[in-house]
1. Taking the Cβ-Cβ separation of residue 170 and residue 241 as r and a Förster radius of 35 Å, what is the calculated FRET efficiency to the nearest 0.05?
2. At a temperature of 10 °C and a viscosity of 1.306 mPa s, determine how fast the range 115-217 diffuses translationally according to Stokes-Einstein, using the Kirkwood radius over alpha-carbon pairs as Rh; express D in µm²/s, rounded to the nearest whole number.
3. Would you mind computing, in nm to one decimal, how far apart the modelled labels at residue 188 and residue 48 are, each placed 7 Å from Cα along Cα→Cβ?
4. So if we plug the beta-carbon distance of residue 223 and residue 136 into 1/(1 + (r/R0)^6) with R0 = 25 Å, what FRET efficiency do we get, rounded to 0.05?
5. Can you give me the Rg/Rh ratio for the range 107-174, using Cα atoms for both radii and the Kirkwood formula for Rh?
6. Of all the C-alpha pairs in the range 1-71, what % are more than 19 Å from each other?
7. Taking every pair of distinct Cα atoms and averaging 1/r, then inverting, what Kirkwood hydrodynamic radius in Å comes out for the range 202-262?
8. Let me check against my output: what whole-number percent is the relative contact order of the range 52-209, with C-alpha pairs under 8 Å and at least 6 apart?
Ligand SMILES: [Zn+2]
Ligand SMILES: [Zn+2]
C-alpha cells in the first residue's frame, strides 16, 4: 500500500491511498481543480479514484466532494449522520454513488481492509480510518479534541500515521482568535496540540520503523518547524528518540508529500 498526504491544514485536507488494485482518498477538502492538480502532483489522476472516505462535514474536508463525485463518478462513503449533515453542502450526489460506511465497521476491497473509528470533534458523527493490508497498517487521525484510549486501540502499531498536530498552545493563547474560537480549538471536541499529539503518539507506536506525518497544522497557530520541534521534544520526555525508529515527516497545506510505501 502507498499513500501521500495530498495537502493538509486549516483550509483543506485530502489523503491519497493506493495498492495494486485500488485507489482511494480520505476526504476531498479542496476545489475539484485543486484536487486534480494535487493528485497530478504525485503522478496520478482523479480518474483512477475508486472511492472517497469522508471523515466529517467540515468544509476543509468536503469542499470538492460534490464536484469530483459528479465529474468522475466516484463512489462516496460516509456514515448516516455525516450524509445528513453534508446534504445541502455538496449538491446532488447520484444515489448509486452514495454509500454508507457505519461507525466502527470494516469494509474490504480485495486485500485492503478499511476500518472506521470515532473521534471527538464538533461535527455530526466524525470518524477516521485505518487501512490494513498484508499485515501493514496506515492510520489517519486528524480533527479530534483528544486521543482517547479507544481511539488508541484502533491506531496502535500502525506503520504510518497521518496524525493531527494542530496548534502550539501558547501561540493559540496569545494569538488573534476570539476567545470563543480559542476555547473551541482547545476543547475536547476541537483539535490536538503539538504536545498532546506527541504524548498520544508515544502511546501508540511500537518498536519498529514508523512514519509519522504531522498534519492539519493551523495556519495561524503553528509552524512546521515548531510542530516538529515540540513533537520531538515531547516524544523525548516520553522516552522516544526520533530518528531511531520513529520518523517525523512534514505535510504541507498546498503540496503533496511524496508517494511512499507503507
Ligand atoms: Zn473538522
Ligand atoms: Zn479539519
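Each value in this text was obtained by applying a stated rule to the coordinates, not by laboratory testing. Quick caveat, the model's predicted, so the values are computed rather than measured. In this analysis, Cβ positions are derived from the backbone assuming ideal geometry, glycine residues included, and neighbour counts consider all displayed protein chains.
1. In this case the efficiency is close to 0.90.
2. Rounded, D is 114 µm²/s.
3. Placing both labels 7 Å beyond Cα along the Cβ direction yields 4.2 nm.
4. Efficiency at R0 = 25 Å is approximately 0.20.
5. That ratio equals 1.05.
6. I get 21 percent for the Cα pairs in the range 1-71 exceeding 19 Å.
7. Hydrodynamic radius (Kirkwood, Cα pairs) of the range 202-262 is 12.6 Å.
8. Computed value for the range 52-209: 18 percent relative contact order.
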